[in-house]
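For reference, the structure is listed below as structure tokens.
The values are calculated or read from the model by the stated rules, or taken from the named source; none is laboratory data. No experiment lies behind these values; they were computed from the predicted model shown. Heads up, the Cβs are rebuilt from the backbone with ideal geometry, glycines too, and the neighbour counts pull from every protein chain shown. Heavy atoms of the whole protein, side chains included, go into the accessibility calculation; ligands, DNA and RNA do not. Shrake-Rupley method; radii C 1.70, N 1.55, O 1.52, S 1.80 Å.
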Amino acid sequence: MTNAMVQMYFRKERFKDNLIQKVYDRIEGYNAPPLWAIVALIVLAALAIVVVTAASIWCMRRGYRFFGVDWKRGNAGQVGVGCLR
Amino acid sequence: MIDHTIDIQQLSFIKVVQYVCHYLKWANYLFFVLFLLTVFVGLFINSKIWLFFPVYLVGVVLSLSIHEYMHLLVIKKISNNRYVRIQVNWFTFEIVPLKPIKGLLSIVVACSGPLLCTLISITLLLLRSYIMPTSISLLLLAVCYGFHIISFFPISGDGAMIVKGITDLMKGGEIK
């Protein structure tokens with residue numbers, strides 16, 4: 001029983017050490033993302049933006065008012081640019 | 001809270017930085033919590049903790065200032081607006097052109113700010129990957145600038161303006 005508990009304790013400590021080492025390595029940049037990962041990230045973000053914008057316009061055409069923009073009177077009123085709304 | 005109309009010619013970059021600092025005074029709780037989390041991670045890995053302060057300043061204040069100043073610059077260049085309305089409260093930093101900007105021009109105005117910040121972020125990421133692969137400050141800086149990509153989504157003012165611009169174009173018959 002005692003031996004099993006000791007083994008469990010060692011396993012837990014080893015798991016913690018591995019995890020900390022992985023976080024440390026990742027943050028210190030030893031596993032810096034390659035070019036394809038950065039390009040993939042940008043492409044995914046661009047896709048997400050296109051999909052969300054298209055979905056918003058699709059919803060607006062079906063009568064939903066959207067952050068002050070309306071399909072029926074889309075030109076009326078001016079939306080401000082800024083970081084957050 | 002700031003809500004006033006101002007001549008666009010009087011708005012220099014320093015003035016925009018002042019507005020951003022005022023905005024951060026209100027919205028600082030969120031940024032401060034993020035900053036504390038970052039510092040906690042920094043302590044955990046025992047790195048150079050003092051580097052986070054310039055990173056915080058350059059990453060948050062300068063990126064927001066560049067973002068807003070680009071909007072102002074493009075509004076000044078491509079539209080006939082002489083006055084803009086600036087609204088700053090605890091959540092919103094908004095620049096409203098008094099004369100409405102429509103169609104493609106509104107898309108250009110809305111994209112200018114976040115696009116520049118995103119490009120800076122990509123440049124920093126590439127710089128980190130190929131020149132300084134162990135720099136944690138550069139990574140944090142890239143993340144700070146990269147957060148501006150959220151502005152392209154319609155939940156923010158820029159995204160709403162892009163949606164409005166596309167709506168104008170579609171209704172005007174230029175896009176079917």
> Residues in region B:75-89: is at least one under 26 Å from B:Val55 (Cβ atoms) and facing chain A (nearest Cβ under 10 Å)?
Replying inline: yes
> Does any residue in region B:101-112 that is facing chain A (nearest Cβ under 7 Å) come within less than 7 Å, Cβ to Cβ, of a residue that is buried (at least 24 other Cβ atoms within 10 Å of the Cβ) and among the acidic types (Asp, Glu) six or more places away or on a different chain, and which pairs are these?
Replying inline: B:Ala110/B:Asp158
> Are there any pairs with C-beta distances below 6 angstrom linking a residue in region A:20-47 that is at pLDDT 80 or above to a residue that is not aromatic (Phe, Trp, Tyr), with the two at least 6 apart or on different chains, and if so which?
Replying inline: A:Ile38/B:Leu125; A:Ala45/B:Ile149
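Do any helices (runs of 4 or more DSSP H) lying entirely in region B:80-176 carry at least 1 residues that are open to solvent by less than 30 Å² (accessible area, probe 1.4 Å), of a type in the set (Lys, Arg) and at positive phi, and which ones are they?
Answer list for region B:80-176: none.
Conditions tested, residue by residue: (1) at pLDDT 85 or above; (2) within 17 Å of the chain's Cα centre (by Cα).
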site	(1), (2)
B:Lys76	yes, no
B:Asn80	no, no
B:Val88	no, yes
B:Phe93	no, yes
B:Gly103	no, no
> Name the residues in region B:71-87 that are within 22 Å of B:Ile149 (Cβ to Cβ) and of a type in the set (A, V, I, L, M), would you?
Replying inline: B:Leu72, B:Leu73, B:Val74, B:Ile75
>> Looking only at region B:122-136, how many residues end up being under 20 Å from A:Ile42 (Cα atoms) and within 8 Å of another protein chain (Cβ to nearest Cβ)?
In response: 6
>> Within region B:1-17, take every residue that is over 19 Å from the mean Cα position of the chain (by Cα) and of a type in the set (S, T, N, Q) and give me the one that is least open to solvent (accessible area, probe 1.4 Å).
In response: B:Thr5
>> Testing B:His67 on (1) part of a loop (DSSP other than H, G, I, E, B); (2) in contact with a Cys (Cβ under 8 Å, 6 or more places away or on another chain), one condition comes back false. Which one is that?
In response: (1)
